[in-house]
Amino acid sequence: MAMQVQMTNVTRLCSSKSIVTVNGQFPGPTVFAREGDLVVVRVVNHVPYNMSIHWHGIRQLRSGWADGPAYITQCPIQSGQSYVYKFTITGQRGTLWWHAHISWLRATVYGAIVILPKPGVPYPFPAPDKEVPIMFGEWWTADTEAVISQALQTGGGPNVSDAFTINGLPGPLYNCSAKDTFKLKVQPGKTYMLRIINAALNDELFFSIAGHPLTIVDVDAVYIKPITVETILITPGQTTNVLLTTKPSYPGATYYMLAAPYSTARSGTFDNTTVAGILEYEDPASPSPAAFNKNLPVLKPTLPQINDTSFVANYTGKLRSLATAEYPADVPREVDRRFFFTVGLGTHPCAVNGTCQGPTNDTRFAASVNNVSFVLPTTALLQAHFTGRSNGVYSPNFPAAPLVPFNYTGTPPNNTNVSNGTKLVVLPYGASVELVLQGTSIQGAESHPLHLHGFNFFVVGQGFGNFDPVKDLARYNLVDPVERNTVGVPAAGWVAIRFRADNPGVWFMHCHLEVHVSWGLKMAWLVLDGDRPNEKLLPPPSDLPKC
């Protein structure tokens with residue numbers, strides 16, 4: 001398919017602006033594929049910004065050149081240029097998504113990826129009557145590129161968004177947006193699969209539909225043991241497939257579907273609003289098909305409190321891999337390399353004569369992994385590695401543990417400054433890795449949705465407070481842990497993941513809250529080639545963009 005990246009005028013909240021879109025659509029077009037398909041997408045850049053598209057959650061086995069994070073696996077596509085992304089979908093089926101992976105352009109450049117099973121292979125649950133993508137987004141009335149550019153200049157927090165959206169629509173709870181409401185039209189006695197994606201820039205979201213429990217069957221394009229809940233939690237980057245069974249007969253009511261943020265951040269640093277869509281039943285008694293009766297009662301679901309960390313811990317703790325013979329949970333039992341990474345906020349000192357609006361008057365906000373705030377290079381890391389010209393681009397000595405241990409979730413240390421650098425962890429091909437991600441309480445304990453490119457991983461443990469290698473290791477689930485590509489590091493807590501480094505290339509790992517990425521909460525893994533021919537990274541395509 002072809003993706004034309006172009007400017008398009010869009011009106012939301014009674015205000016028009018020109019936004020970056022794909023093919024003039026917001027959200028962008030859905031990419032449909034089957035497991036095993038070769039996907040070929042030509043991206044043509046007609047906008048004044050550099051562009052790069054990431055196929056979020058696609059394994060990209062040996063095809064790292066198509067992964068898409070700018071300056072990690074490729075230089076961005078410059079204005080007036082194009083690039084063909086080519087990759088094969090291997091051993092994956094479910095819902096993923098694509099988005100811009102440069103600056104804050106994914107605010108409007110995103111769309112769903114629907115991967116159907118191979119022909120003739122059923123879902124491991126009753127087949128739904130209909131499937132509907134539900135994409136949450138975040139809308140700014142201002143130009144988002146100006147928002148982040150101003151924040152990086154001042155060192156302060158960026159302005160928060162004005163609304164959340166469902167499939168691009170803010171809905172009736174926002175000023176002058178009643179006509180811009182997503183409506184899910186349903187019939188009684190049917191099952192709908194909602195393919196839910198959180199594409200918001202900076203907010204984890206609770207989602208619930210009044211009067212309709214949801215059965216989760218798949219997260220991040222991996223089947224799970226079905227669980228039925230009233231409310232789901234979904235972080236930016238994550239996808240969740242749910243089955244919604246409608247009432248057996250026409251109910252004589254309409255139902256709000258609501259999404260609102262989960263955040264433990266200090267007030268004023270997130271968009272504390274609610275997006276509503278409407279679930280409406282087709283009225284069998286009405287002369288016109290699918291008529292909407294305006295006089296029906298509208299029922300509202302109750303969402304958890306904005307900072308309900310115990311709800312989140314209970315919810316994520318319930319997710320389990322299907323772990324059947326057909327869909328096994330292939331958890332690494334032995335571990336070759338162990339890592340302990342702190343993730344969280346910090347500060348940079350103010351520039352000489354600069355005014356800074358960070359946590360204190362003389363600091364700027366920063367974020368880091370193991371106290372290293374990642375600096376994007378000006379050449380793509382994968383190119384530097386492949387051509388053997390890494391000198392001056394990156395160093396292969398990312399710390400395996402914090403250089404200075406402290407009480408990570410207790411009173412923060414006096415010095416909260418972080419270092420800058422472009423450092424990678426180098427892994428031999430096939431190594432099994434355990435990584436403990438430890439949240440810190442510096443500048444406030446927040447949940448961080450961490451996304452690893454190029455791999456799925458198993459979430460073998462999670463907890464609050466500081467990770468205890470003796471006590472917590474004994475409680476790991478190595479039988480049916482959930483497998484995903486994006487996991488929330490609990491606020492003032494930790495999460496442990498395991499994966500096998502069976503994909504050669506350079507793989508970005510970062511918080512999926514865009515403001516934290518801008519501040520440096522990111523790093524990369526370099527997986528070396530293996531010995532066999534099918535364990536080596538393929539050479540770059542001839543049209544790979546130049547920096």
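Things worth noting here:
- Strands (runs of 3 or more DSSP E) within the range 12-102 that include 1 or more residues under 23 Å from residue 450 (Cβ atoms) and touching a His at 6+ places or on another chain (Cβ under 6 Å): 53-56, 94-100
- Flag for residue 420 being open to solvent by 50 Å² or more (accessible area, probe 1.4 Å) and under 24 Å from residue 524 (Cα atoms): yes
- Only residues that are surrounded by fewer than 24 Cβ atoms within 10 Å (Cβ to Cβ) and either under 30 Å from residue 235 (Cβ atoms) or of a type in the set (A, V, I, L, M) (or both) were counted across the range 525-539, and they come to 4.
- One residue stands out among those in the range 464-496 that are at negative phi and among the small types (Gly, Ala, Ser): the one that is surrounded by the fewest Cβ atoms within 10 Å (Cβ to Cβ), which is 474.
- One residue from 13, 61, 96 being open to solvent by 50 Å² or more (accessible area, probe 1.4 Å) and touching a residue at least 12 places away in the same chain (Cβ under 8 Å): 61
- The residue that is nearest to residue 27 (Cα to Cα), among those in the range 68-86 that are open to solvent by less than 10 Å² (accessible area, probe 1.4 Å) and in contact with a helix residue (DSSP H, G or I) (Cβ under 8 Å, 6 or more places away or on another chain), is 85.
- Looking only at the range 209-221, residues that are surrounded by fewer than 22 Cβ atoms within 10 Å (Cβ to Cβ) and assigned to a strand (DSSP E or B) come to 2 in all.
- Leading residue by the ranking (most open to solvent (accessible area, probe 1.4 Å)) among those in the range 497-507 that are over 15 Å from residue 437 (Cβ atoms) and in contact with a strand residue (DSSP E or B) (Cβ under 7 Å, 6 or more places away or on another chain): 500
- Selection within the range 329-356: residues that are open to solvent by 80 Å² or more (accessible area, probe 1.4 Å) and over 28 Å from residue 493 (Cα atoms). The member of this set that is modelled with the highest pLDDT is 355.
- Looking only at residues of the range 16-33 that are in contact (Cβ under 8 Å) with a residue 60 or more places away in the chain and hydroxyl-bearing (Ser, Thr, Tyr), we find that the one that is nearest to residue 97 (Cα to Cα) is 30.
- Look at the range 447-468: where a residue is farther than 30 Å from residue 90 by Cβ and a partner is of a type in the set (Val, Ile, Thr) and part of a strand (DSSP E or B), sitting 6+ places away or on another chain with Cβ atoms under 6 Å, you get 467/436.
The values are calculated or read from the model by the stated rules, or taken from the named source; none is laboratory data. The shown structure was predicted, so the numbers you read here are calculated from the model rather than taken from an experiment. Backbone-built Cβ (ideal geometry, glycine too); neighbour counts: all protein chains shown. To get the accessible areas, we keep the full protein, side chains included, count just its heavy atoms, and leave off ligands, DNA and RNA. Shrake-Rupley method; radii C 1.70, N 1.55, O 1.52, S 1.80 Å.
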